[in-house]
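As structure tokens, the structure follows; a few thoughts come after it.
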Amino acid sequence: MATARKTGPVVLVTGAGRGLGRGAALQLAAAGCSIAVNYVRNRAAAEETVALCRQAALSRQQRFHPVQADIGVKADRARLVAESLARFGRIDALVNNAGVAPKIRVDLTEATEESFEELIRINLQGPHFLTQAVVRHWLAAKSRPALPSGFMVIFVTSISADAASLNRGDYCISKAGLSMVAKLWASRLAPHGIQVFELRPGIMATDMTAAVRSRYEKLIAKGLVPQNRWGTAEDVGLAVRSIVTGHFPFSTGAVIPIDGGLHLPRL
């Protein structure tokens, strides 16, 4: 079993094979953390993240390992936690990043229950109960965290937690629910010295937005995003790194937009 002295702090990042999760993993590796790289199907992408993390690492003692699991499946969540603990000996932070968009964007009048159930299962139920499993371990083990600000949980939600999109209502509902999950865990864990944060990305250049890239390019060009660009995986990674390395020691429950000012009310 690995020790914190050998591996540094250990962070479990869900959906880390690509996109925002990979951005978080790379920044955490550069900060000296070891990473459990969760993925669902694309083993090759997860292995690529592992290789990139090794390049970014501060020390050869850091460890990076891909762990397959679908967070929307109860048995997979249990295995993800068990395998991460077996591989690294500890988990010091959990980054709940994994999520899916609806397969087809349709108006509320045409949306299906099947899509709704899938998004709620993966985007909401999955991270809530994965957090529960990790928190139970922390509270039962009474182990000392290897991070300067203690154990941490980060939820990656979306601007859609607050902004309504009529052609992907199921996604908005799942992210709004996840925002409440973050508030609940922040309140529950604060007395134990465990911090919880919510990151709200805006229009991000990832696989999830590839199909609507031309539409968003036009909107950004017209000034939809005040900072006038797409968000990147690195933008999210830098925020995760800053939180995990202890730069927000008195801000549990904070909601941090990563959207170039998209959330600002404007006339």
Could you look through region 25-70, keep only residues that are in contact with a Cys (Cβ under 6 Å, 6 or more places away or on another chain) and free of Cβ contacts under 8 Å to residues at least 60 places away in the same chain, and pick out the one that is surrounded by the fewest Cβ atoms within 10 Å (Cβ to Cβ)?
Phe64
Failed criterion for Tyr171 (all others in (1) farther than 18 Å from Leu94 by Cβ; (2) more than 16 Å from the chain's Cα centre (by Cα) hold)
(2)
Glu118 being under 14 Å from the mean Cα position of the chain (by Cα) and either of a type in the set (Asp, Glu) or over 22 Å from Gly23 (Cα atoms) (or both):
no
With the first residue restricted to region 240-267 and required to be assigned to a loop (DSSP other than H, G, I, E, B), and the second required to be surrounded by fewer than 20 Cβ atoms within 10 Å (Cβ to Cβ) and among the basic types (Lys, Arg), Cβ contacts under 7 Å at 6 or more apart or on different chains are Gly253/Lys183; Gly260/Arg229
For region 45-74, enumerate the residues that are under 19 Å from Val100 (Cα atoms) and among the small types (Gly, Ala, Ser).
Ala45, Ala46, Ala69, Gly72
Looking at the structure I just gave you, is Leu178 modelled with pLDDT of 95 or more and over 27 Å from Gly72 (Cβ atoms)?
no
Region 201-216 residues that are free of Cβ contacts under 8 Å to residues at least 24 places away in the same chain, paired with ones that are surrounded by 15 or more Cβ atoms within 10 Å (Cβ to Cβ) and not in a helix (DSSP H, G or I) (beta carbon under 7 Å, 6 or more apart):
Thr209/Ile203; Tyr216/Ile203
Within region 209-260, work out how many residues are surrounded by fewer than 13 Cβ atoms within 10 Å (Cβ to Cβ) and within 29 Å of Leu94 (Cα to Cα).
5
Please verify whether region 74-92 includes one or more residues that are closer than 23 Å to Ala141 by Cα, among the hydrophobic types (A, V, I, L, M, F, W, C) and part of a strand (DSSP E or B).
no
Of all residues in region 71-90 being surrounded by 23 or more Cβ atoms within 10 Å (Cβ to Cβ) and among the aliphatic types (A, V, I, L, M), the one that is farthest from the chain's Cα centre (by Cα):
Leu80
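Within region 5-13, is there a residue that is without any contact (Cβ under 8 Å) to a residue 24 or more places away in the chain and either surrounded by fewer than 21 Cβ atoms within 10 Å (Cβ to Cβ) or among the basic types (Lys, Arg) (or both)?
Pass one, region 5-13, residues without any contact (Cβ under 8 Å) to a residue 24 or more places away in the chain: 5.
Those still in the list that are either surrounded by fewer than 21 Cβ atoms within 10 Å (Cβ to Cβ) or among the basic types (Lys, Arg) (or both) too: 5.
Taking every residue of region 5-13 in turn, at least one turns out to be without any contact (Cβ under 8 Å) to a residue 24 or more places away in the chain and either surrounded by fewer than 21 Cβ atoms within 10 Å (Cβ to Cβ) or among the basic types (Lys, Arg) (or both).
The values are calculated or read from the model by the stated rules, or taken from the named source; none is laboratory data. Just so it is clear, the model here is predicted, and its values are computed rather than measured. With ideal geometry, Cβ positions are generated from the backbone for all residues, glycine too; neighbour counts draw on all protein chains shown.
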